[in-house]
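Participant: Dumping the structure here so I can ask a few things about it.
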Amino acid sequence: MDATFVLLPGDGIGPEIVSQARRVLELIATRFGHHFVFHEAMIGGCAIDATGDPLPPQTIELCKQSTGVLLGAVGGPRWDDPNAKTRPEAGLLRIRKELGLFANLRPIKAYDELIDASPLKRDVVQGTDILFFRELTGGIYFGPSSLEDLPGGGQRATSTMVYETREIERIFRMAAEAARQRRGKLTMVDKANVLEASRLWRRVCAELIESDFPDLDYEVILVDAMAMHLISRPTAFDVVVTENLFGDILTDEASMLPGSLGMLPSASLGAGGPGLFEPIHGSAPDIAGKGIANPLATILAAAMMLRHSCGLNEEAEAIERAVQDVLATGARTADLARDSQKVLSTIEMTDLVLAALQ
Ligand code: IPM
Ligand code: MN
């Protein structure tokens, strides 16, 4: 197949890990007889430095015309000034909106080989296999917000959680279809005891279950309780669907289950059009440029890109198997290494994945 991928290395360790994922994609093209074209573009802090805009128009254009977009990470202390005109993160929020990426899929899977790196007990974490669907283009992230000066001094800031029926329906449907392909269990997380927006979620989702997905084992859980259940009984969950901010927080919490943030990919999808694929971890400015970052989350994100944007399931599975095989041999980057284990560089780890893929 012919595919055009846009690479958005971004900031911090982004360039180091995206270049390694590209090597994996190039090998896949050779081994499976595909033709992949790569374009690189700017996003985040590096784009602010070069153009003043964290998401320059050329980047948006290239992405819209692509088969899929692979992003490294954005942000860093250099662009953290709260009074700055714009921030790297604004580029990320805008590309989600521009590409209509309303569904953020975050698989949380505990690798047997890495469980001892988890801060939680082995018997709690073992067997964890959750697929989060986080709504990504609505809610409090994109609702009306304002900042005003109060007459008597001080200020008032407002951020609003807004949802419409169709925004809830489209992501819920996607999550419910996924649950059907997995273990048939779906958990919807809200705060319906307090928030009007959550009460709409609860009604809309219940109606969809009744009309279209009566076969699913469906439950609703309040977000505060979910924060607890996630670490006390993570194996009880299969597919979890929730709104934007709750999903942001819960998936960071869940990312600790498997032991390392360095292993977790994510996919942002819309209704057709290119998806955006990235590691869950950030730009890790403290280790940027040292060549020691774990490339596996980005490599696994590239696998998700092949699966979701190209329908190349066999190729995606080949990458996922290669990663698993490499971990099984004891290969570890600094974030995963324990005790006396040898620490591999970003490139050495990728070399092993490439060898396993040959
Ligand atoms: C994420 C990040 C972003 C978000 C930030 C960087 C804007 O935390 O992808 O989870 O909050 O969505
Ligand atoms: Mn986040």
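Participant: Fewest Cβ neighbours within 10 Å first, please rank SER159, SER255, SER211 accordingly. Could you put the intermediate results ahead of the total?
Facilitator: Working: SER159 13, SER255 21, SER211 8.
In increasing order of surrounding Cβ atoms, one gets SER211, SER159, SER255.
Participant: Could you please tell me the mean projected area of the C-alpha convex hull for the chain, averaged over all directions and given in square nanometres to one decimal?
Facilitator: Numbers: hull surface 76.7 nm².
Mean orientational projected area (the chain, Cα hull): 19.2 nm².
Participant: Can you give the relative contact order of region 129-256 as a percent, counting alpha carbon pairs under 8 Å and 6+ residues apart?
Facilitator: Values: 199 pairs, mean separation 48.9, N = 128.
Value for region 129-256: 38 percent.
Participant: According to the square roots a ≥ b ≥ c of the eigenvalues of the Cα gyration tensor, what is the shape class of region 1-137, taking rounded for a/c under 1.5, prolate for a/b larger than b/c otherwise, and oblate for the remainder? Please report the intermediate quantities before stating the final value.
Facilitator: Numbers: a/c = 1.87, a/b = 1.23, b/c = 1.52.
Oblate shape, in that a/c is at least 1.5 and b/c is the bigger or equal ratio.
Participant: Can you tell me how much longer the chain between ASP217 and HIS34 gets when fully stretched, taken as 0.36 nm per residue apart minus their C-alpha distance, in nm with one decimal? Walk me through the numbers before you get to the answer.
Facilitator: Working: separation 183, 0.36 × 183 = 65.88 nm, distance 3.97 nm.
Between ASP217 and HIS34, full extension yields an extra 61.9 nm.
Participant: So for region 63-174, averaging the separation of alpha carbon pairs under 8 Å that are six or more residues apart and normalising by length, what relative contact order in percent results?
Facilitator: 19 percent
Participant: Here is a further query. Checking the table LYS121/LYS342; LYS121/LYS191; LYS85/LYS109; LYS109/LYS191; LYS97/LYS121 against a 31 Å threshold on Cα-Cα, which pairs fail?
Facilitator: Numbers: LYS121/LYS342 24 Å; LYS121/LYS191 29 Å; LYS85/LYS109 38 Å; LYS109/LYS191 26 Å; LYS97/LYS121 39 Å.
Pairs exceeding the cut-off: LYS85/LYS109; LYS97/LYS121.
Participant: Under 18 Å from a label point 7 Å along Cα→Cβ of SER159: give me every residue in region 236-258 with its amide N that close.
Facilitator: It comes to 242-253, nothing else.
Participant: Suppose R0 equals 51 Å. What FRET efficiency, 1/(1 + (r/R0)^6) with r the Cβ-Cβ distance, do SER145 and LYS342 give to the nearest 0.05? All intermediate terms of the calculation are to be shown ahead of the outcome.
Facilitator: Numbers: r = 49 Å, r/R0 = 0.96.
Calculated value: 0.55.
Participant: On each of the three principal axes of the Cα atoms of region 200-306, give max minus min coordinate, whole Å, ordered largest first.
Facilitator: 53, 37, 22
Participant: Rounded, prolate or oblate: which fits region 41-118, taking a ≥ b ≥ c as square roots of the Cα gyration tensor eigenvalues, rounded meaning a/c under 1.5, else prolate when a/b beats b/c? All intermediate terms of the calculation are to be shown ahead of the outcome.
Facilitator: Working: a/c = 2.51, a/b = 1.45, b/c = 1.74.
Since a/c reaches 1.5 but b/c is at least a/b, the shape of region 41-118 is classed as oblate.
Participant: Mind checking the full-extension length gain between GLU253 and ARG203? Use 0.36 nm per residue of separation minus the Cα-Cα distance, one decimal, nm. Don't skip to the answer; put the middle values down first.
Facilitator: Details: separation 50, 0.36 × 50 = 18.00 nm, distance 2.67 nm.
Result for the pair: 15.3 nm of gain on full extension.
Participant: I'd like the GluC sites (Glu not before Pro) in region 151-192 restricted to DSSP loop residues with at most 12 other Cβ atoms within 10 Å, sorted by number. Walk me through the intermediate numbers first.
Facilitator: Values: sites: GLU164, GLU167, GLU169, GLU177; in loops: GLU164.
Qualifying residues, ordered by number: GLU164.
Participant: Now for a different question. Assuming R0 = 41 Å, what is the FRET efficiency of GLN181 and GLU61, from their Cβ-Cβ distance, to the nearest 0.05?
Facilitator: Details: r = 34 Å, r/R0 = 0.83.
For R0 = 41 Å, the calculated efficiency reads 0.75.
Participant: Which of the trypsin sites (Lys or Arg not before Pro) across region 68-97 are loop residues per DSSP, with 10 or fewer other Cβ within 10 Å?
Facilitator: Values: sites: ARG78, LYS85, ARG94, ARG96, LYS97; in loops: LYS85.
Within region 68-97, the qualifying trypsin sites (Lys or Arg not before Pro) (loop, at most 10 other Cβ atoms within 10 Å) are LYS85.
Participant: Taking R0 as 22 Å, what's the FRET efficiency between ASP351 and GLU317 from their Cβ-Cβ distance, rounded to 0.05?
Facilitator: Numbers: r = 21 Å, r/R0 = 0.94.
Efficiency computed from Cβ-Cβ geometry: 0.60.
Participant: Next question. Taking Cα pairs under 8 Å and at least six residues apart, what relative contact order does the chain come out at, in percent? Let's see the in-between values first.
Facilitator: Working: 760 pairs, mean separation 77.0, N = 358.
Reported as a whole number, the value is 22 percent.
Participant: Multiplying the sequence separation of THR51 and GLU89 by 0.36 nm and subtracting their Cα-Cα distance, what value in nm do you get?
Facilitator: Values: separation 38, 0.36 × 38 = 13.68 nm, distance 1.54 nm.
In short, 12.1 nm is gained.
Participant: If Lys and Arg each add +1 and Asp and Glu each add -1, what is the summed charge of the other residues whose beta carbon sits under 9 Å from the beta carbon of GLY138?
Facilitator: Values: positive: none; negative: GLU135, GLU164, GLU167, GLU243.
My count for the surroundings of GLY138 gives -4.
Participant: Quote the Stokes-Einstein diffusion coefficient, in whole µm² s⁻¹, for region 143-254, based on the Kirkwood radius over alpha carbon pairs, a temperature of 10 °C and a viscosity of 1.306 mPa s.
Facilitator: Numbers: Rh = 15.4 Å.
Rounded, D is 103 µm²/s.
Participant: Per DSSP helix of 4 or more residues, -39500 (n - 2.57); summed, then divided by the residues of the chain. What does that give at 222 nm, rounded to the nearest 500? Mind showing how you got there, number by number?
Facilitator: On the way: 12 runs with 147 residues, N = 358.
About -13000 deg cm²/dmol.
Bear in mind these aren't lab numbers, they're just calculated from the coordinates by the rules spelled out. Remember, predicted model here, so these are calculated numbers, not experimental data. Backbone-built Cβ (ideal geometry, glycine too); neighbour counts: all protein chains shown.
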